[in-house]
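Asker: Got a structure for you, questions after.
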Amino acid sequence: MARLYREADLAAPPDYTFTISARSKTPGVPVFRFLRRQFGDIPLNRIESLFGFVEPSPLYGGRIFRQPELSQRDVMQLNNAGIGLRLPLSNHDVRREEYDQHADFLARYHREANSVIVTHDDLARWIRADFPQYRIDASVIKNINNLRKLGAALELYDEVVLPMTANEDLAFLESIPEKHRITLFANAGCAFTCPSKTCYVSISQRNKGDPSVPFSCSRKFKEREQLGMIEFDLQPLVQMGFSSFKLLRAAPGHKTGF
C-alpha cells in the first residue's frame, strides 16, 4: 500500500493515529506478524487500535462473522504494547436478553485500552452502565452526516466514526467543534459510492445465526460507480484538526475493503 506518513513523523510524537482492520486475519497468525505483512508502512506508535472479531457473538455487525480473527493472546499482546482492541458490535437489532447472555464476552475484554463500535443506541447505554472502562464509538453505519445528528450522537457516544463521504464535505468537517472526538477514514472501499448500503441490515440478520437470510448488496445497480480502493490525502484533514483515522485493507479484487 502507499506510504501514509512522512519520514519526519517517526522522530516525533504522532499527531494522528489509526484504528486498523484485522478483518480476515487468520487467528493462528501472530498479530504483529500480520501488521508487518499487511500494514508494514505504519509505525507502531501510530496504531491506536485494531478492530475485528474475537469470538462468536450475535452483537457483531458490518461484516459477516465467519471465524475469530484476533485471539485472546493477540489482544493481550496488543494491550501490552499500548494498542487497543475495538469490538465491532454494530448489529442493527439487539435485544436485552442477547446482551445479558453475552455479558461474559464483554467482561473478558473490558479494560481502558479497549473500545466498542456500536450502532444500536440501547446497546451503547447498557455497555456504558455495566462496562464503564470501554470507550464507546458510534459506528459509521449510523451515517452521521450533519451537525444535528452529530450533536445528538456525541451526547451518548464518546467518539463518532463519520461516513467515508464526509472526507469530501469540507464545510461540514470545518464546522465540527470537537474534532478530537471524530474518526475519519484514511481509505475507502465500495461503501464510498454505495447508494443504499443494504448489506448492513442483512449482515446483522446473518450474524444472529440464521443462514437462510440472503446477503443483500446493491452492487448490480452501482457496478459502474465502483472506484476500487481510494486513499485519502490525510494532511489537509490533520491540519484541520482531525487526529483519528480508520484504515481498511483491500479485499480480493480491490473493489472494497475489509
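Asker: To check you understand DSSP bridge types, tell me what percent of the beta bridges within the range 14-247 (both residues inside) are antiparallel, rounded to 5.
Answerer: 5
Asker: Follow-up question, since we're still on this one. Could you please rank K149, K142, placing first whichever residue has the fewest other Cβ atoms within 10 Å of its Cβ?
Answerer: K149, K142
Asker: Now for a different question. Assign unit charges at the C-beta atoms only (+1 for Lys and Arg, -1 for Asp and Glu), then state the dipole size of the range 14-247 relative to its Cα centre in Debye, rounded to the nearest 20.
Answerer: Rounded to the nearest 20 debye, it is 640 debye.
Asker: Hey, another quick one. Given axes a ≥ b ≥ c from the Cα gyration tensor, I'd like to know whether the range 14-247 is rounded (a/c under 1.5), prolate (a/b larger than b/c) or oblate.
Answerer: Rounded is the answer for the range 14-247, as its axis ratio a/c remains below 1.5.
Taken together, the values in this text are just the output of simple stated rules run on the coordinates, not laboratory data. Here the structure is a predicted model, which is why all the values come from computation and not from measurement. All Cβ positions, even for glycine, are placed from backbone atoms using ideal geometry, and neighbour counts span all protein chains on display.
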